[in-house]
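In what follows, a structure is listed as structure tokens, so that the remarks can point back to it.
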Amino acid sequence: MNRKLGMILAAAGLLILPLLPTLARAQMGHGGGVMGSGEMMGPLPIFLRAADLTPAQQVQVKQILHANHAKLHGQFEQMHTAREQLADKLFSTGPVASSDLTAQTQQIAQAQQQMLQNELNVALQVRAILTPAQLQKVARVHQQFESLHQQMRALLGPPPSDGSQPPQDGPRPDVPPPPA
């Protein structure tokens, strides 16, 4: 039963992969101002909010994002197309071998690498306009995030290393009890 559920969840995860970047961008659009541009991915919007940008800095950030939007959008589209092609092959009715998916996985990896490099360049450009006091605020928020991650790891424990289910010492809080 657990294996079947795992397979269903894995398949659902693969099906939703092409939608994740779109969902992330949609979540970014809820903040208004610089964060409302929806062009920036990753943790940068959270840290910019902590920096408390001046109006002039907000204009500079928007200019940086606008200058990089077309490149990032093209990379996103390239990755999205390759993921859709991968899903089409993976969930087809015919036989599929790993070699049949090589071109798509390489395209996805290349697009991800390009997106990562572009996001890093954007982050460095944005970082360059921050004052030392703003950088200190951002560093404090980053430390707080790291502390939260450590606390979560301590509470949840490490993930199983072999992909198996964790030992069951009682009811798990993330799994509803079976129907009576």
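Only the coordinates and a few stated rules stand behind these numbers; no lab work does. These numbers were taken from a predicted model, which means no experiment stands behind them. Here the Cβ positions follow ideal geometry from the backbone for every residue, glycine too, while neighbour counts run over all protein chains shown.
Extension gain for Ser98 to Gln144 (0.36 nm times residue separation, less C-alpha to C-alpha distance): 12.4 nm. Scoring 133-142, 148-157 by mean Cβ neighbours within 10 Å over their residues and listing the highest first yields 133-142, 148-157. Extension gain, His69 to Asp88: 0.36 nm times the residue separation minus the Cα-Cα distance gives 4.0 nm.
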